[in-house]
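Have a look at the structure below, then the notes.
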Amino acid sequence: MAIGGCLNSIVPEPGNGGTLNVTIMVNSKLRRGPRLVAAILCGFCVLLFCHCTKKNNPKSVEIHLLLNRHPFTESILRFIPEYERQSGVKVSTLLLSEEEYFEKLITELSSRSSFYDLFMLGFPHLWQYAKAGWLEPLDPYIKNLDLTPTAWDQNDFFPELIACSRWNLRQGAGRGEGPLWALPVNEEGYVIFYRKDLFDRFHIKPPTTYEEVYKAAKALTRNVDGQQIYGFGHRGVRSWSTIHPGYMTAFASWGARDFDESMHCVIDSPQAIEITDLFIRTLREGGPPGWPSYTWYEGKEGFLSGKFAMWFDANHQAAAFENPAKSQVAGKVGYLLPPAGPDGQIRSSTWVWSLAMNAASKNKEAAWKFLAWATSKEILQRTVPYENINPTRKSVWEDPKTMQATNWAQGEYRRTAQLLLSKYARIRWTPSIYVTQAGDRWAAALQEIYEGKGTAQALKSAAADIDQMVRK
C-alpha cells in the first residue's frame, strides 16, 4: 500500500511514561470514506510497531562485565557468544590482571558509575562494598519466578559458600546473616602441593606438622640434576592477598586471630608471634631468594616448571599442575592437607570468588538473567574442563564428569578438596571493611621480618597501626 499517497505526514511526539503520542495530518482530498480510515490505521500501526520494537527488543540491551584473570572467568568467556545468541543481549567484558582489576573496580564503584553491571569479588570486597552501598542485594531476584526458574535451585550451592556471601553489615560479626550480596562461582581451600618424586628420592616423609614443613623445606633446597630446587614456596608481595592463603591457614591453626570481639587487632599475640616466626624462617631458609616479590602467578609458574618441592596455595591450581601440555611436574604431584596446629586441629583458610551486581546498574534485570545463567548447574559444569575445578554447586562436584576430571593422584586431590570444604576451610578473617587495608599493613610486617626485623616488634608495630585505622 502506498501510504504516502494517503498521508501528508506522521509526526511522533514524546509522551509521558513512555506513551507514544501521534499527530496525523491527512490530505484534504481524503477526508472522507473508508480509504481514509484504512490509511490512518495502517500508518498508525506501522509507526506503533516500530516504536515498540525499538523499545522492547532485547537486542538493544547491552551489559558490561568487569572481570579479573581466573580459571572461572577465562572459562566463562568461551560460552558468552552462545548466551548472546540465545538471549539477544550483548555482553561486553573487560578482563584484567588481579592488581589492575581491583584498582579499576574501586575507581568505578566509588564514583557510582553505572557502566559495569556485574563484576567479580571476594569476601573482603563484599564486606567493604556492601557497607558502602555499592552492591545490589540478590534475594529479590532469586524469589522472582519471572526472572529465575525453579531449576536454578539456590539450595544446590554448598551452604558454607552461600553463608560467605551473606552479611548483615555489622562490623566484627554477622557473617552468614542478612542479604545475599553475591553468588559463588569458585571456591578454594589451601593445600601443600608437593613433589612426590623428590620426597621419595631423598627419603623425606610428607610433613604433617609445620615444624616438619620447615625441616623438609631446608632438606629439599638443593641442586637436583642441574636444576636449583627450593623446598618451599608461598606468595610474598606487600598485599593482603599474601596473608590470606597458607600463612593465614597456619596462623589460624595456631589459634591466632586478626581481631578480638572488640575489634582490637591481636596479630601480635604470643601464638601469632610463634607461628609467624616459624613460617618466615621456613621461607628464609628453605624458600627462593626474593620472596617479597612473589605473586601467586610467579609461584604457580615456579611449581609448574619444577622450581619448588612444595607450594602452599589454592588447591584449584592442580588443574594446571596436572596438565602435561603446560606442566613439567604432571603426574608427580601430591596433595597434603594443611598441617595441624599445636592442639592437633586443622584450620584452613578459604577464598570464594563470586559475581556481584552493581547497585548503580541501569540494566539490573538483564544483569541478573546473565548472572543466573553464569551460575546455573549447566554452565558451572561446562567450565570444569577449563580449570574451574572447584565448583560451588553440590551437583557439579558430584557429577561423574567432574569426578573423572579431578581424580588426580589416585583420588588424593578429591579427598583433600572434600575434607577442606566439609570440615576445615572457613573464612578466618573477622567481618569488617578493614580487611584489605589491615592485610596490606600486615604483609609489610612479614616482609620486615623476612629482612631481619624482630617478629614480635614487627607484629606489634603493625597491630598498633591497624588499630589506628579502625579507630579512624
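The values are calculated or read from the model by the stated rules, or taken from the named source; none is laboratory data. What you see is a predicted model, and the numbers here were worked out from it, not measured in a lab. Cβ coordinates were reconstructed from backbone atoms using ideal geometry, including for glycine residues, and neighbour counts include every protein chain displayed.
Restricted to the range 280-297, and to residues that are closer than 17 Å to Tyr194 by Cα and assigned to a helix (DSSP H, G or I), which residue is modelled with the lowest pLDDT? So, considering only residues that are closer than 17 Å to Tyr194 by Cα and assigned to a helix (DSSP H, G or I), the one modelled with the lowest pLDDT is Trp296. Residues in the range 405-426 that are more than 12 Å from Glu322 (Cβ to Cβ) and of a type in the set (A, V, I, L, M) were compared, and the one that is surrounded by the fewest Cβ atoms within 10 Å (Cβ to Cβ) is Leu419. Of the numbered criteria (1) surrounded by fewer than 22 Cβ atoms within 10 Å (Cβ to Cβ); (2) part of a helix (DSSP H, G or I); (3) touching a residue at least 40 places away in the same chain (Cβ under 8 Å), the one Ala360 fails is (2). Which of the residues spanning the range 323-343 are surrounded by fewer than 15 Cβ atoms within 10 Å (Cβ to Cβ) and farther than 24 Å from Val185 by Cα? Within the range 323-343, Pro324, Ala325, Lys326, Gln328, Gly331, Pro342, Asp343 meet the criteria. Just to be sure I understand, how many residues within the range 222-261 are part of a loop (DSSP other than H, G, I, E, B) and touching a residue at least 60 places away in the same chain (Cβ under 8 Å)? Going through the range 222-261 one residue at a time, the tally reaches 15. Got a sec? Which of Thr282, Thr249, Thr295, Thr276 is surrounded by fewer than 22 Cβ atoms within 10 Å (Cβ to Cβ), β-branched (Val, Ile, Thr) and in the same structural domain as Glu448 (by TED's automatic domain parsing)? Of Thr282, Thr249, Thr295, Thr276, the one residue that is surrounded by fewer than 22 Cβ atoms within 10 Å (Cβ to Cβ), β-branched (Val, Ile, Thr) and in the same structural domain as Glu448 (by TED's automatic domain parsing) is Thr295.
Against the definition (touching an Asp or Glu at 6+ places or on another chain (Cβ under 7 Å) and within 30 Å of Lys453 (Cβ to Cβ)), how does Ala359 come out, yes or no? The answer is no for Ala359. Selection of first residues in the range 72-86 that are in the same structural domain as Thr392 (by TED's automatic domain parsing) and part of a helix (DSSP H, G or I) and of second residues that are of a type outside the set (S, T, N, Q) and surrounded by fewer than 17 Cβ atoms within 10 Å (Cβ to Cβ), restricted to Cβ pairs under 6 Å at least 6 apart or on distinct chains, gives the following pairs, ordered by first then second residue: Ser75/Tyr386. The single residue among Ser354, Ser376, Ser395 that is surrounded by fewer than 17 Cβ atoms within 10 Å (Cβ to Cβ), at pLDDT 95 or above, assigned by TED's automatic domain parsing to the domain that holds Ser92 and touching a helix residue (DSSP H, G or I) at 6+ places or on another chain (Cβ under 8 Å) turns out to be Ser395. On the given criteria, is Ala320 surrounded by 15 or more Cβ atoms within 10 Å (Cβ to Cβ), of a type in the set (A, V, I, L, M), under 27 Å from the mean Cα position of the chain (by Cα) and outside any loop (DSSP other than H, G, I, E, B)? Spelling it out, Ala320 is indeed surrounded by 15 or more Cβ atoms within 10 Å (Cβ to Cβ), of a type in the set (A, V, I, L, M), under 27 Å from the mean Cα position of the chain (by Cα) and outside any loop (DSSP other than H, G, I, E, B).
Give just the number: which of (1) in contact (Cβ under 8 Å) with a residue 12 or more places away in the chain; (2) out of contact with any His (no Cβ under 8 Å at 6 or more places or on another chain) does His203 not satisfy? Looking at each condition in turn, His203 falls short on (1). Among the residues making up the range 302-341, those that are free of Cβ contacts under 8 Å to residues at least 24 places away in the same chain and among the hydrophobic types (A, V, I, L, M, F, W, C) are Ala325, Ala330. Would you say Gly174 is more than 24 Å from Arg235 (Cα to Cα) and without any contact (Cβ under 8 Å) to a residue 24 or more places away in the chain? Considered against the rule, which asks whether it is more than 24 Å from Arg235 (Cα to Cα) and without any contact (Cβ under 8 Å) to a residue 24 or more places away in the chain, Gly174 comes out as no. Filtered by the rule that a residue be touching a residue at least 12 places away in the same chain (Cβ under 8 Å) and under 19 Å from Phe157 (Cβ atoms), the range 378-390 gives Ile379, Leu380, Gln381, Arg382, Thr383, Val384, Asn388, Ile389, Asn390.
Taking the conditions (1) under 30 Å from Ser262 (Cβ atoms); (2) touching a Phe, Trp or Tyr at 6+ places or on another chain (Cβ under 8 Å); (3) crowded, with 23+ Cβ neighbours inside 10 Å in turn, Ala463 satisfies each one other than (2).
Only helices (runs of 4 or more DSSP H) whose full extent lies in the range 88-204 are considered here, and none of them has at least 2 residues that are at pLDDT below 95 and outside the structural domain of Ser376 (by TED's automatic domain parsing). Filtered by the rule that a residue be of a type outside the set (Gly, Ala, Ser) and either out of contact with any strand residue (DSSP E or B) (no Cβ under 7 Å at 6 or more places or on another chain) or assigned to a loop (DSSP other than H, G, I, E, B) (or both), the range 337-357 gives Leu337, Pro338, Pro339, Pro342, Asp343, Gln345, Ile346, Arg347.
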